[in-house]
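Since every read-out is calculated from the coordinates, none of them should be taken as a lab result. Here the structure is a predicted model, which is why all the values come from computation and not from measurement. Note: ideal-geometry Cβ built from the backbone for every residue, glycine included; neighbour counts use all protein chains shown.
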2 protein chains.
Amino acid sequence: MTPQRRLLVGIIQDSPRHLDAAGLLEVARKQDADIDRATVYRTIALLKGYGLIDELDLMHIEGEKHYYEAKTNREHCHMACFRCGAIMEYASSSFEKLKTEMAAQSGFQIRVVRLEVGGFCKQCRKAAH
Amino acid sequence: MTPQRRLLVGIIQDSPRHLDAAGLLEVARKQDADIDRATVYRTIALLKGYGLIDELDLMHIEGEKHYYEAKTNREHCHMACFRCGAIMEYASSSFEKLKTEMAAQSGFQIRVVRLEVGGFCKQCRKAAH
DNA sequence: ATAACTGCAAATCTTTTGCTTACAG
DNA sequence: CTGTAAGCAAAAGATTTGCAGTTAT
């Protein structure tokens, strides 16, 4: 593991918000001004391949970017508000159960699951006339 | 509704496989050789805005394209095999239930749901050493 | 008529690749 | 040493936009 990779992994793990490749590069450059875009993309591909990070679209609420987060033990999904852009996470045992059920019924060996929802959050729902 | 739009909508509804923008354009050109890429993208944006089609990534199994399908009454998700590229659909009442539960618990007004799974299908699971 | 839609070409944005040099094990 | 990773710059792929002409209502 090289210093750059360590840095990038650390940023993904610690970031309070979901970062896309450009955002990750921007944050990384505060520590290492010479780090290159290509290194960011190559590291993302590597981590994704190892199943260490998950890739999200967040319903493409702001463009066709991909966002990344460190894989956690707790399966969860993301809800994106079309009005205010807020991203909420949601976890429940029903989600885990569905996953198990899908695997059992289809014979599919599940490696990655991505559940994303778009709509209006509680506040925006009220605010929208 | 213009003729081009009618054509594009018809293709999305009838296509047995999921098409991306380029594939949709290709099929459309068999009927109307002059139809342009921009029209395809503009129509997709329109239909998506009206909630008439769903957008899929199919786990980016072949590049960063987006695929489209006409919205159906039956909620379902897609399972993509990393080995053979097969796409399977899966529908169950548990999925519907999860959706209802999410909305109830979070106060979120759900407009679009996207559940995608990546892994290995029954056959490839066996075939893999 | 008026507003919405089209094709065309160019621009934009994100991601990938070839190549040469530099670093890790 | 030997293979893997890095930076750089250029390419590729997907999607969007400005504009001038065309079509639908």
Filter the range A:25-41 down to the residues that are among the basic types (Lys, Arg) and closer than 24 Å to A:ASP57 by Cα, then identify the one that is farthest from DNA strand C (Cβ to nearest atom).
A:ARG29
In the range A:77-99, anything in a loop (DSSP other than H, G, I, E, B) and more than 8 Å from chain B (Cβ to nearest Cβ) is listed as A:ARG83, A:CYS84, A:GLY85, A:ALA86, A:ALA91
Taking the stated definitions as given, is B:MET59 assigned to a helix (DSSP H, G or I), within 20 Å of A:LEU56 (Cβ to Cβ) and touching a Gly at 6+ places or on another chain (Cβ under 8 Å)?
yes
So, of the residues in the range B:1-58 that are exposed (fewer than 14 other Cβ atoms within 10 Å of the Cβ), hydroxyl-bearing (Ser, Thr, Tyr) and within 11 Å of DNA strand D (Cβ to nearest atom), which turns out to be farthest from the other protein chains (Cβ to nearest Cβ)?
B:THR2
If we keep only residues of the range A:100-118 that are within 9 Å of another protein chain (Cβ to nearest Cβ) and polar (S, T, N, Q), then the residue surrounded by the fewest Cβ atoms within 10 Å (Cβ to Cβ) is A:GLN105
Residue list for the range A:53-105, restricted to those being away from DNA strand C (no atom under 16 Å from the Cβ), touching a strand residue (DSSP E or B) at 6+ places or on another chain (Cβ under 9 Å) and among the basic types (Lys, Arg):
A:LYS71, A:ARG83, A:LYS99
Suppose the filter is of a type in the set (Gly, Ala, Ser), part of a helix (DSSP H, G or I), more than 9 Å from DNA strand C (Cβ to nearest atom) and touching a helix residue (DSSP H, G or I) at 6+ places or on another chain (Cβ under 9 Å); does A:ALA22 pass it?
no
For B:CYS121, all conditions in the list (1) within 18 Å of A:CYS77 (Cβ to Cβ); (2) out of contact with any Gly (no Cβ under 7 Å at 6 or more places or on another chain); (3) within 10 Å of another protein chain (Cβ to nearest Cβ) hold save one; what is the number of the exception?
(1)
